Amino acid sequence: MSDSNFKIETSQRIQRLPPYLFGRINKMKYEKRVAGVDIIDLGMGNPTDPTPDSVVEKLAEAAKVLETTGAALQLRYLQTLVEIGVENSTTVVFPVPIDLLAGLQKKLG
């Protein structure tokens, strides 16, 4: 029997699983890099190496933007959730801070 005849079929339950989240994120990062967009990747690196100065400078720039535009981070977060959830009717669990809900409940009575 040759390897070309060997096929493993997955169950329908497995086929219904959404794409691997970090695979989707890596694909998005790759597409952005190919398009020439600067990416700040806070993924796990080598913890024994110091953070490169260029990364520290870019993070400081981003922090200044967020300081003056408080909604920027939330909007980017929502955009990422939309991009991840577009394919295959993916369900995205969106965490909402409890204090936000408490304030909303108080306001609505």
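The values are calculated or read from the model by the stated rules, or taken from the named source; none is laboratory data. What you see is a predicted model, and the numbers here were worked out from it, not measured in a lab. As a convention, Cβ positions derive from the backbone with ideal geometry for all residues, glycine included, and neighbour counts pool all protein chains shown.
Before moving on, here are some points about what is shown:
Rundown of residues vs (1) modelled with pLDDT of 85 or more; (2) charged (D, E, K, R); (3) surrounded by 11 or more Cβ atoms within 10 Å (Cβ to Cβ), yes/no style:
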{"position": "3", "(1), (2), (3)": "no, yes, no"}
{"position": "8", "(1), (2), (3)": "no, no, no"}
{"position": "20", "(1), (2), (3)": "no, no, no"}
{"position": "28", "(1), (2), (3)": "yes, no, yes"}
{"position": "45", "(1), (2), (3)": "no, no, yes"}
{"position": "50", "(1), (2), (3)": "no, no, no"}
{"position": "62", "(1), (2), (3)": "no, no, yes"}
{"position": "67", "(1), (2), (3)": "no, yes, no"}
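- Region 69-94 - residue that is β-branched (Val, Ile, Thr) and part of a helix (DSSP H, G or I) and, of those, modelled with the highest pLDDT: 80
- Test: residue in region 95-109 that is at pLDDT below 70, among the aliphatic types (A, V, I, L, M), closer than 26 Å to residue 31 by Cβ and surrounded by 10 or more Cβ atoms within 10 Å (Cβ to Cβ): no
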